[in-house]
1. Please find, within the range 27-53, the residue that is nearest to the chain's Cα centre (by Cα) out of those that are surrounded by 20 or more Cβ atoms within 10 Å (Cβ to Cβ) and assigned to a loop (DSSP other than H, G, I, E, B).
2. Let me spell it out: the conditions are (1) free of Cβ contacts under 8 Å to residues at least 12 places away in the same chain; (2) more than 20 Å from Leu124 (Cβ to Cβ), and Ala229 meets all of them except one. Which number is the exception?
3. Could you tell me whether any residue of the range 232-244 is farther than 30 Å from Glu305 by Cβ, not assigned by TED's automatic domain parsing to the domain that holds Ala16 and not charged (D, E, K, R)?
4. Having 2 or more residues that are more than 19 Å from Met80 (Cβ to Cβ) and in contact with a strand residue (DSSP E or B) (Cβ under 6 Å, 6 or more places away or on another chain) is the bar; report the strands (runs of 3 or more DSSP E) wholly within the range 97-163 that clear it.
Amino acid sequence: MNEVEALKDVRAKYEALRKEISKVIIGQDDVVEELLISIFSRGHCLLVGVPGLAKTLLVNTIAQTLGLSFNRVQFTPDLMPSDIIGSEVLGENRQFKFVKGPLFANVVLADEINRTPPKTQAALLEAMQEKSVTTAGQTFKLPEPFFVLATQNPIEQEGTYPLPEAQLDRFMFNIWVDYPSFAEEVDVVKATTSGVESSVQKIISSEEILAYQDLIRKIPVADNVVEYAVKVAGRSRPGAAGAGPETQKYISWGAGPRASQYLIVGAKCHAALRGKFSPDIEDVQAVAKPILRHRIVRNYQAEAEGVTIDNLIDSLLKV
């Protein structure tokens, strides 16, 4: 199969995934698309939304359709790094052996990641970056593919440890999970109170996912698209040459080079899922908000005047 046929296959599998996921998840089309883009782009996701919006069910359903192993970790204030990484125990032969923790899965759901102390957050984020964990002087590789999908509750801040911006930067996407529409909520209530349970089938294998990830990286990009992505990230930095008046007035810190990289990788995947063989500026704009949302820090004036992060990103895209 040549690369053109492979890209067509990616789009066909994506459509099949969307159809299969919709058997269980009603609505949330943009969230599903962004999650699949991050998976095919070899990125991690932060899902932000109030309780009860089926974030855990969504992640579990996607893992099933991808044929991947799935572990959910409820992050709590007393969670220690060894609780997620694993630890050494004394075996029957009086030799220490390493017992793997829940981090050793293809898809790890870190539920309410901001409820655990920085020490445990750092252990998770190291695994996200290195795709391996080190304990007692030994390094253990995590399974491939490996994705961390973390959730945060935006309304309950008591007893939380917010992730620093340097750690947030490890996530490719910050996805806002919003309330369903009226019609969607009616369908949700009907589906979940009828006693009928829906199930999903495996659509693709882990080997295909790894092949798609490599294929996405090989998609060519025109120089003007790369330059646009770099300009968008650069315009978010106060004091930079291309920074606009909104940046100087409302932003304390802007996005780093990792944002530029993810804008291009995300645009490549967004284009491939729409049957295009190379991304354009519209593809960069389509993935800009979830990529930049957690990489820009507003100042007090922006908060006082009600200027949102998404408002600022809209202004950045007008290069």
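The values are calculated or read from the model by the stated rules, or taken from the named source; none is laboratory data. What you are looking at is a predicted structure, and each value in this text was computed from that prediction instead of being measured. As a convention, Cβ positions derive from the backbone with ideal geometry for all residues, glycine included, and neighbour counts pool all protein chains shown.
1. Within the range 27-53, the subset surrounded by 20 or more Cβ atoms within 10 Å (Cβ to Cβ) is 28, 31, 34-47, 49.
Checking which are assigned to a loop (DSSP other than H, G, I, E, B) leaves us with 28, 41-44, 49.
Values: Gln28: 15, Ser41: 10, Arg42: 9, Gly43: 6, His44: 4, Gly49: 14 Å.
Across the range 27-53, the extreme among qualifying residues is His44.
2. Only one criterion in (1) free of Cβ contacts under 8 Å to residues at least 12 places away in the same chain; (2) more than 20 Å from Leu124 (Cβ to Cβ) is unmet by Ala229, namely (1).
3. At the first step, the residues of the range 232-244 found to be farther than 30 Å from Glu305 by Cβ are none.
Among the residues of the range 232-244, not one is farther than 30 Å from Glu305 by Cβ, not assigned by TED's automatic domain parsing to the domain that holds Ala16 and not charged (D, E, K, R), which makes the answer no.
4. Numbers: elements: 107-111, 132-135, 138-141, 147-152.
Hits in the range 97-163: 138-141, 147-152.
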